[in-house]
Structure formats: structure tokens, C-alpha cells
1. On average over all directions, what projected area in square nanometres does the chain have, based on the convex hull of its Cα atoms?
2. Are there any GluC sites (Glu not before Pro) in region 36-108 that are in a DSSP loop and have at most 14 other Cβ atoms within 10 Å? List them by number.
3. Expressed as a rounded percentage, what relative contact order does the chain have, with Cα pairs under 8 Å and six or more residues apart?
4. So how long is each side of region 41-123 along the principal axes, counting just the alpha-carbon atoms, biggest first, in Å?
5. Mind checking region 89-178 for chymotrypsin sites (Phe, Trp or Tyr not before Pro) that DSSP puts in a loop (not H, G, I, E or B) and that have at most 16 other Cβ atoms within 10 Å?
6. Tally Lys/Arg at +1 and Asp/Glu at -1 over every other residue whose Cβ is under 11 Å from the Cβ of residue 133; what's the total?
7. Please give the contour-minus-distance gain from residue 155 to residue 68: 0.36 nm per residue of separation, less the Cα-Cα distance, rounded to one decimal in nm.
8. Near residue 112, within a Cβ-to-Cβ distance under 10 Å, what is the net charge of the other residues, with Lys and Arg +1 and Asp and Glu -1?
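Every read-out reported here was derived from the displayed coordinates using simple, explicitly stated rules and does not represent laboratory data. The structure presented is a predicted model; accordingly, all values stated were derived computationally and were not measured. So basically every Cβ, Gly included, is an ideal-geometry build from the backbone, and we count neighbours across all protein chains shown.
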Amino acid sequence: MLVTAAESDRDRRGQVGVGTLIIFVAMVLVAALAAGVLFQAADELRSQAEVTGEESTAQVANDLTVYSTVGTVDGTGENIDRIEMTVGMVSGSNPIDVGGSLVDYRTSNGQTYLEVEDVKNGDAVLESDDDRRTVVIEVDDLEAGAEATVTLITSDNTRMTTDLEVPYELEAGESVPL
């Protein structure tokens with residue numbers, strides 16, 4: 001059988017078309033795999049960003065506020081020996097556990113770290129804006145007319161600082177606002 005030049009040219013173009021089609025399909029497959037990898041990487045980054053955002057918000061948003069501070073005068077009528085601070089969480093905070101908190105206690109006599117002795121008004125966890133807990137701190141050197149700074153540090157590192165001023169006149173056994 002005799003093959004003419006036109007038939008031979010048509011066969012070659014057909015072979016080139018099949019080769020081009022194979023290359024095109026291979027490129028589509030590679031592009032699909034690359035898109036899958038990019039989508040997976042983007043999803044992992046989004047998840048990581050969400051976790052980081054939640055952690056950052058928790059660190060910034062968790063805060064306590066002091067509603068009242070009362071001191072109990074000792075039996076001699078010269079010193080405050082017990083401080084009761086009623087605290088609550090700031091709106092938008094995550095639950096805060098005030099039990100087992102550390103207290104950075106500073107007076108003119110120096111600085112010391114104390115532990116919270118007791119938590120009144122329910123369990124130690126503040127869960128809503130309306131929750132209030134009274135934190136009890138035992139002290140021994142807060143004299144009439146003295147000033148002190150108390151920083152409450154919770155287990156999740158939430159910090160709340162308040163300044164206290166003791167009245168100049170004290171009576172044994174009374175409770176006084178600080």
C-alpha cells in the first residue's frame with residue numbers, strides 16, 4: 001500500500017496531538033496535587049492562627065477587679081491581721097480560679113509572698129461577671145496609718161494589684177475598710 005504525503009502528515013499531526021494531550025493531562029494532575037497541598041497548608045495555618053488568637057485573648061482578657069477590701073483588727077487594736085478582698089472577673093474574661101493564689105504583699109517593712117488562706121462565697125472559680133469571691137489573706141505587720149500594695153497572682157498568671165491604706169485609729173476586733 002502506497003502512503004501519500006498528505007496521509008503521512010496527518011498521522012504525524014495525530015501523534016503530536018496525542019502527545020500534547022498526555023502532557024496536558026499530566027500538567028492538570030500536577031496542578032491538582034499542588035492545589036491540594038496549598039489548601040492543606042492554608043488549613044493548618046488557619047487552625048494555628050485560631051489557637052494562637054484564643055490563647056492571646058485569654059491572656060489579655062482575663063482580669064480581676066476588687067470590689068471591696070476589709071481589714072480585721074487584732075486583739076491589741078494596733079495592727080490589721082487579716083485582709084478580706086472581694087474580687088470578681090472583668091467582663092469577657094474566661095473562668096478564673098482564685099484558690100491557691102499567691103499574694104505579693106508590700107509594705108514599708110518590705111516585700112513578702114503569702115498564700116491565700118481561704119476563699120469565701122462559693123468555690124474558688126469565678127465563672128461569670130456576676131460571681132464574687134472573698135479572698136482571705138493573713139498578715140502581721142499592717143499597723144494603723146500604714147500603706148500596703150497587694151498583688152493577687154492566680155494559678156493561670158492573672159494579676160490584680162490594689163493599694164491599701166489603714167485608718168489611723170483602730171479598735172480591737174473591728175473590721176475596717178482599707
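1. Seen from a random direction, the Cα hull of the chain projects 18.1 nm² on average.
2. Those satisfying the criteria are 78.
3. Across the chain, relative contact order equals 22 percent.
4. Result, largest extent first: 69, 29, 18 Å.
5. Passing sites in region 89-178 are 168.
6. -4
7. Computed gain between residue 155 and residue 68 is 29.1 nm.
8. With Lys, Arg at +1 and Asp, Glu at -1, the net is -2.
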